[in-house]
Amino acid sequence: MTGRTKRNRAGWLFVLPSLTGVMVFYLIPFVDVCRRSFLQAVGGGFAGFGNYYQVLTNKAFRLAAGNTLRFVLICLPLLLGMSLGIALLLQGQKKYREIFKSAYLAPLAIPAASVVLLWQVLFDNQGLLNGLMHFFHKTGRDWMNEGTAFGVLVFSYIWKNLGYDVVLWLSGLLGIQESIYEAAKVDGAGAVKTFFYITLPNIRPVAFTIVILSFLNSFKVFREAYLVAGNYPQESIYLLQHVFNNWFSELSMDKMAAGSVLLCSVVAAFVLLLQRSWDRGDEDCND
Amino acid sequence: MKITKWFCLLLVMALITAAAAGCSKGSKGKDTASPGAQADGLKSEGAGGKGKGRFLENEIALPDRAGRILAFGKLLDGTLAAVAEDKGDKSYYVLKSSDQGKGWKEVPVQGIKGQRISYAAVSPDGDAALIHYAKGCRADISIVGAKGKAETVTLRLPDKVEENQVRQAAYDKKGNLFAMDMEGAVLKADWKEGAFKEVFDTEGLQINYFGIAGDVMLAVHDKGIRLFDTEKGNTLDSEALLDDLIKEDKGLASNDMDFGAPMLFAEGTDSGGIVLVNKNGIFHYNRGGSVIEQLADASLLSLGGGNIVFQNLAVLDKDNIFIVVNDSGEFKLFQYSYDSKAASAPDKEITVYALDESSLLRKAVTLFQKEHPDIYVKLEFGLTGDDSVTLEDALSVLSTNILAGKGPDVLILDGMPAESYIEKGILADISDVIDEVDQKEGVLPGIKEGSRKDGKIYAFPARFLLSVIEGDKDTVKSGESLEGMAKRITQLKKGSNGGVIPQDKGTMTLLRDLYYADSASWMTEGNSIDEKALTDYLSCAKQIYDVDANSKEQDYLNKTGDGTVDGIKAGTLNETDLIEGSSKMAFGTLPDFWSLQNMISSWQLTNADYGLLNREVHSYIPYLSAGVTESGNKETAKEFVKLLLGKKTGDSITNGFPVNKTAFRLQCEEAVDSRLVKDDSSIMFSNEDGKDFSFNTVNLTKGQVGQFTAFAESLKKPAMDNRSILNIVLEQGDKYLLGEQNLGDTVDAILKKVNLYLAENS
């Protein structure tokens, strides 16, 4: 037995417990979800692609999918851009970096229920924000029951995840050797050139992880939306998880399974495309 | 490398699926004492070994003329004794039986003829204490000896308030008499000093009622049960398990009734043993013990019936327990005898699920158990009110159970998305059951037709409520439509300085009342809400609300949730303001014959009339809509539904009008020759200024019964009873009525949310 084979075996043994958990709690249920997506909810008769057709023509699903897509398209670039900017500022700030890092991470430690309470205090009809508007002789708004609800949701997502992404970006930035920057400086590179030709290429590996994690975290914003506005919130914050949650309550397991598989397919396609573009980028860099 | 990448991708997909699919919630467990273990002395279920042995119920016949049972107990020699009121002339008897109730010796009480007895107690040596209704801070007590001769003694009561009276009385095993007064103080009779005295230190706790087990007093308060030594008066060690009973079910601590209690206590056959009975069953507890052991499950006995009020409990010996109950006004004595050969639990089981507690459903379960002793009916309620479970939580748990193959056999669909369940094939066609009941006993034809969907019946209401309007003839006539009613109310306001609509019609109650009267006509053929109908409804609600918007009391509905209070479907029609003159009309849901009779009786003061509200729609509010699940035990479940719809369950004069025609007719006959009238029932109340109002309950005339029957037979459409939709309408409508949102935005918000809800299931 070669040393490499031994190492491989040891590696698998280390991975085995968590892999078993993942298999039992995620992979096998996922296979079952795929199976159910072709069956009727009650009785279990074969439905072919009927469930998929129903889901794709369902107004509620289409609205939720559109909202979720809009949310991701707005939030993801905003979060990534803002967190990278702050991380770059903190990269040069050695003295107070740790304090800022902790401050940015604080929202992550606040439970969703407390965040919801804060939302209610702030955005309620009789809330602080409307109080402030009245103080300046402006008319208050029903923030959570108008189009503004979407903005509140975006704000909440950014506020909660910003610190986390800053820390991740910082870990990538601090991993870049100082000597590279010094050499660039000697060669006369300015801040912009340094960013595009040294910083960005060097944080590419960590950027992939951050994008994926931020993308996955964007699905968690449902908790706050649900706790504040319930099953049927203002339509701009009616997300895919609302549909899934309500389908579950109404026993629409067939539609729920088909919807989940569709969602997974979209996510998988997104991850694959991202991975491919990253791989291509790596090859270009190596060339 | 490629395999690893694909594997990682699969993992990501699985994670997303898990996140998207949501979480299921476990079903709610219930803490009960464990049956099967054997108590010292008393036998528990299954104590006979190999799943054998249980207490069997037997109703003991009381003498024909015995009406109200005021007291009951076991004497030192094992004789059973009771104090009963004569059904006819209201005289009193002491009843004694030395053969476990097979025969009764009646001893008429002499010397108190014509006097009203409020409470009574039987002492261990056979004397009876009869407490008279008395004014002032005193108790007139007639002590009745073995020959029935009464000697009256007067005892003073604490005079903390102007009018203090006794509201409960009982003897301990040493013959000391105890009572509780109107202020919740537990008192001991001091015959020498001629007073009831406060000898127990309750530390300011509000005692709701008490029980005595031998020489231990159990005083029940909102947070638990305090124990006292009846002889010495000192406080005994607290019993955490007894306190837990109250903490887990606050209803066991409340005692807002004149007679009886939600829980009774008696001394067990062993030292320190206490036997207690409540709606969950008969239990045994040893003071200082670690478990409250269930001797008998109430759901297998008459004790689980929803209208049962416990009166007295006596433990004769280790195999025999006696309980007196008030079952819908009828006093009954049950004997529970241990049979070591009976199976400890029935072999078969069906589950009945409802969102809300229902006393009528409990009664149906009890009747079913009696008819089918081999079938155990498990009754589950999704929203108990004791926890923070929301409608969505309850429906999710129900969905999880159905999907896991552990769903109920019978679904009571009140407030549930019945349409969605029908569409998904969860409910079975029960046309055969309805047809059978219809052929045998009849059902209201409009309601039968209104329940059909594609020629089949998947859900059928056992009861219904009606939306009515009460006032002068012009007002009643205006109630043909909501628009007419709103106009009439505005017109009445112009000519009046006082209130026009009842004060308890806050935003939520008003919206809900009008919703029930109008929503039957809202759905379009395209499975969406008719915008014009919704706009008209909201406009009328606003117009009506604004008339007296400044004089609203706290909203009734905000306090009572969905309208079901303590298992009773309460109506919202309240004519007190009309009687007082503080409103010109009354409207709301009329829940039952009892309320109909009260409403008509009140016309002695108001000279009013009534009619269906929004008569154009001919809608009714379905109650106890039963459906049978396809995946359950269909045949047994159908049997249960048959019983629920049958005349036996339908004979209750409260809790909805029966859809069963025979039960409906019997109740009409009862209303013409009413028990309430025979009992000289009257209604009294005072307004805020202290002015008293009272009227006697009167029989309905045949014309009035005929008119009501015509109303019932004209019903065609059920009001929308999906609580998700109702909640959306109430939530948004409330903002509009309070002026926080304009009509257009409100209609828009409701339509978007409701149509989204409907679209999810399309």
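The values are calculated or read from the model by the stated rules, or taken from the named source; none is laboratory data. Since the structure is predicted, the reported quantities are computational estimates derived from the model, not experimental observations. As a convention, Cβ positions derive from the backbone with ideal geometry for all residues, glycine included, and neighbour counts pool all protein chains shown.
Being at pLDDT below 90 and either surrounded by 15 or more Cβ atoms within 10 Å (Cβ to Cβ) or assigned to a loop (DSSP other than H, G, I, E, B) (or both): is that true of B:GLY204 here? Give the steps one after another, and end with the answer.
Values: at pLDDT below 90: yes; either surrounded by 15 or more Cβ atoms within 10 Å (Cβ to Cβ) or assigned to a loop (DSSP other than H, G, I, E, B) (or both): yes.
Against the criterion (at pLDDT below 90 and either surrounded by 15 or more Cβ atoms within 10 Å (Cβ to Cβ) or assigned to a loop (DSSP other than H, G, I, E, B) (or both)), B:GLY204 qualifies.
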I'd like the full set of residues that are at the interface with another protein chain (Cβ under 7 Å from one of its Cβ atoms) and out of contact with any Pro (no Cβ under 7 Å at 6 or more places or on another chain), limited to the stretch A:236-251.
A:TYR238, A:LEU240, A:GLN241, A:VAL243, A:PHE244, A:ASN245, A:ASN246, A:TRP247, A:PHE248, A:SER249, A:LEU251
Is the stretch B:174-183 home to any residue that is under 23 Å from B:ILE323 (Cα atoms), out of contact with any Lys or Arg (no Cβ under 6 Å at 6 or more places or on another chain) and acidic (Asp, Glu)?
no
So which residues in the stretch B:658-690 are in contact (Cβ under 8 Å) with a residue 40 or more places away in the chain and either in contact with a His (Cβ under 9 Å, 6 or more places away or on another chain) or farther than 20 Å from B:LEU466 by Cα (or both)?
B:SER674, B:ARG675, B:LEU676, B:ILE683, B:PHE685, B:ASN687
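So if I check each of A:SER265, A:SER171, which one is farther than 30 Å from B:LEU395 by Cα and surrounded by fewer than 16 Cβ atoms within 10 Å (Cβ to Cβ)? Step through it out loud before you land on a result.
Numbers: A:SER265 fails: farther than 30 Å from B:LEU395 by Cα.
After ruling out the rest, the residue left standing is A:SER171.
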When the stretch B:148-200 is checked residue by residue, the ones that are crowded, with 19+ Cβ neighbours inside 10 Å, in a strand (DSSP E or B) and among the acidic types (Asp, Glu) are B:ASP181
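Take the conditions out of contact with any Pro (no Cβ under 7 Å at 6 or more places or on another chain), within 23 Å of A:ASN245 (Cβ to Cβ) and of a type in the set (Val, Ile, Thr) and apply them to B:ILE422. Does it pass?
Numbers: out of contact with any Pro (no Cβ under 7 Å at 6 or more places or on another chain): yes; within 23 Å of A:ASN245 (Cβ to Cβ): yes; of a type in the set (Val, Ile, Thr): yes.
Yes, satisfied.
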Of (1) β-branched (Val, Ile, Thr); (2) surrounded by fewer than 16 Cβ atoms within 10 Å (Cβ to Cβ); (3) assigned to a helix (DSSP H, G or I), A:VAL166 fails just (2)
For the stretch B:714-743, name all the residues that are more than 27 Å from the chain's Cα centre (by Cα), more than 13 Å from chain A (Cβ to nearest Cβ) and not hydroxyl-bearing (Ser, Thr, Tyr).
B:LYS716, B:GLY733, B:LEU737, B:LEU743
With a cut-off of at least 1 residues that are within 14 Å of chain B (Cβ to nearest Cβ), modelled with pLDDT of 85 or more and within 28 Å of A:VAL271 (Cα to Cα), name the helices (runs of 4 or more DSSP H) lying wholly within the stretch A:1-118.
A:3-22, A:28-36, A:50-56, A:59-91
Odd one out for B:VAL443 among (1) touching a residue at least 24 places away in the same chain (Cβ under 8 Å); (2) within 12 Å of another protein chain (Cβ to nearest Cβ); (3) on the phi < 0 side of the Ramachandran plot
(2)
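Condition check ((1) touching a residue at least 40 places away in the same chain (Cβ under 8 Å); (2) in the same structural domain as B:GLY211 (by TED's automatic domain parsing); (3) over 15 Å from B:ASN58 (Cβ atoms)) across all residues:
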{"position": "B:ASN312", "(1), (2), (3)": "yes, yes, yes"}
{"position": "B:LYS332", "(1), (2), (3)": "yes, yes, no"}
{"position": "B:GLU357", "(1), (2), (3)": "yes, no, yes"}
{"position": "B:ARG362", "(1), (2), (3)": "yes, no, yes"}
Helices (runs of 4 or more DSSP H) wholly inside the stretch A:204-287 that include at least 1 residues being charged (D, E, K, R) and touching a strand residue (DSSP E or B) at 6+ places or on another chain (Cβ under 8 Å):
A:253-286
Which of (1) without any contact (Cβ under 8 Å) to a residue 60 or more places away in the chain; (2) within 12 Å of chain A (Cβ to nearest Cβ); (3) touching an Asp or Glu at 6+ places or on another chain (Cβ under 7 Å) does B:LEU403 not meet, given it meets every other one?
(3)
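Can you list the helices (runs of 4 or more DSSP H) lying wholly within the stretch B:425-512 that have 2 or more residues being among the hydroxyl-bearing types (Ser, Thr, Tyr) and either modelled with pLDDT under 95 or closer than 29 Å to B:ARG723 by Cα (or both)?
Values: elements: B:431-440, B:445-450, B:473-478, B:482-494.
Answer list for the stretch B:425-512: B:473-478.
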Is it the case that some residue within the stretch B:670-689 is over 18 Å from B:LEU596 (Cβ atoms) and within 14 Å of chain A (Cβ to nearest Cβ)?
no
Within the stretch B:282-387, considering only strands (runs of 3 or more DSSP E) that don't extend past its boundaries, which have at least 1 residues that are in contact with a Gly (Cβ under 7 Å, 6 or more places away or on another chain) and surrounded by fewer than 20 Cβ atoms within 10 Å (Cβ to Cβ)?
B:308-317, B:320-327, B:330-343
Of (1) in contact with a Pro (Cβ under 8 Å, 6 or more places away or on another chain); (2) buried (at least 20 other Cβ atoms within 10 Å of the Cβ), B:MET217 satisfies every one except (1)
Given (1) free of Cβ contacts under 8 Å to residues at least 40 places away in the same chain; (2) within 10 Å of chain B (Cβ to nearest Cβ); (3) farther than 30 Å from A:GLY48 by Cβ, A:SER265 misses just (3)
Note on B:GLY650: of the conditions (1) modelled with pLDDT of 90 or more; (2) on the phi < 0 side of the Ramachandran plot; (3) crowded, with 24+ Cβ neighbours inside 10 Å, unmet is (1)
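Considering only the stretch B:566-585, I want to know if a residue exists there that is part of a helix (DSSP H, G or I) and either free of Cβ contacts under 8 Å to residues at least 40 places away in the same chain or basic (Lys, Arg) (or both). Can you show your working first?
At the first step, the residues of the stretch B:566-585 found to be part of a helix (DSSP H, G or I) are B:576-580.
Next cut, either free of Cβ contacts under 8 Å to residues at least 40 places away in the same chain or basic (Lys, Arg) (or both) only: none.
Taking every residue of the stretch B:566-585 in turn, none turns out to be part of a helix (DSSP H, G or I) and either free of Cβ contacts under 8 Å to residues at least 40 places away in the same chain or basic (Lys, Arg) (or both).
So which helices (runs of 4 or more DSSP H) stay within the stretch B:666-762 end to end and still have 3 or more residues that are modelled with pLDDT of 85 or more? Give the derivation first.
On the way: elements: B:675-678, B:702-713, B:723-737, B:743-760.
In the stretch B:666-762, the matching helices (runs of 4 or more DSSP H) lie at B:702-713, B:723-737, B:743-760.
Could you tell me which of the residues A:GLY147, A:GLY131 is surrounded by fewer than 14 Cβ atoms within 10 Å (Cβ to Cβ), farther than 28 Å from A:SER102 by Cα and in contact (Cβ under 8 Å) with a residue 24 or more places away in the chain? Spell out how you get there, then give the answer.
On the way: A:GLY131 fails: in contact (Cβ under 8 Å) with a residue 24 or more places away in the chain.
On inspection, the qualifying residue turns out to be A:GLY147.
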Of all residues making up the stretch A:195-226, the number that are under 13 Å from A:VAL267 (Cα atoms), β-branched (Val, Ile, Thr) and within 12 Å of another protein chain (Cβ to nearest Cβ):
1
What do you reckon, is A:SER260 over 21 Å from the mean Cα position of the chain (by Cα) and at the interface with chain B (Cβ under 7 Å from one of its Cβ atoms)?
no
If we ask which residues in the stretch A:1-39 are within 21 Å of A:GLN241 (Cα to Cα) and of a type in the set (S, T, N, Q), their number turns out to be 1
